[in-house]
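The values are calculated or read from the model by the stated rules, or taken from the named source; none is laboratory data. As the structure is a prediction and not an experimental result, all values here were calculated from the model. Note that we place each Cβ from the backbone using ideal geometry, even for glycine, and neighbour counts take in every protein chain shown. Ligands, DNA and RNA are excluded from the accessible area calculation, which covers all protein heavy atoms including side chains. Shrake-Rupley method; radii C 1.70, N 1.55, O 1.52, S 1.80 Å.
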Amino acid sequence: GVVVSVGGQIPNGLAIPLDKAGAKILGTPAKMIDNAEDRQKFSDMIDEIGVQQPAWRELTSMESAFDFAAQVGYPVLVRPSYVLSGAAMNVAHNDKQLRACLDEAAEVSQEHPVVISDFIE
């Protein structure tokens with residue numbers, strides 16, 4: 001068997017492919033890791049149990065990121081998708097900082113979405 005629930009993002013990212021390949025996953029099931037890592041699935045679970053959460057969007061372009069920030073107002077929390085540990089997570093207080101955060105998050109695209117949340121102080 002394989003333990004994928006320790007060791008950071010690399011094993012978390014391998015959980016679903018290993019599970020689909022038929023590897024025996026020991027510990028946390030691959031589906032549960034995916035439910036915690038996938039922001040939409042996690043948000044849906046939170047909604048089901050009635051826990052409030054800040055407005056957020058998974059965005060795939062710079063333009064949509066700036067539009068969302070304008071809609072909810074600054075500050076906003078910027079997170080690359082599929083990152084639980086906080087790596088590359090930043091708070092932007094204005095357009096200039098948001099651009100810097102998006103540049104640090106690397107390519108913002110369909111394949112590499114960025115999650116931006118209303119930052120509650």
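Here are the numbers:
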{"quantity": "Average accessible area per residue (Å²) across the chain - probe 1.4 Å, nucleic acids and ligands excluded", "calculated": "60 Å²"}
{"quantity": "Projected label distance in nm at Leu18 and Ile49, using a 7 Å step from Cα toward the beta-carbon", "calculated": "2.5 nm"}
{"quantity": "Distance between modelled label sites at Ala36 and Ser61, nm, 7 Å Cα→Cβ extension", "calculated": "3.5 nm"}
{"quantity": "Order by protection proxy (mean Cβ within 10 Å, highest first), peptides 57-65, 27-35", "calculated": "57-65, 27-35"}
{"quantity": "Rounded percent of accessible protein surface that carbon and sulfur make up, the chain, 1.4 Å probe", "calculated": "54 percent"}
{"quantity": "Full-extension gain in nm, Asp95 to Val3, via 0.36 nm per residue minus C-alpha separation", "calculated": "29.0 nm"}
{"quantity": "Spin-label model distance (nm) - Ile10 vs Glu104, 7 Å beyond Cα toward Cβ", "calculated": "2.4 nm"}
{"quantity": "Ellipsoid semi-axes in whole angstrom, largest first, where each is sqrt(5λ) of the Cα gyration tensor of the chain", "calculated": "29, 16, 11"}
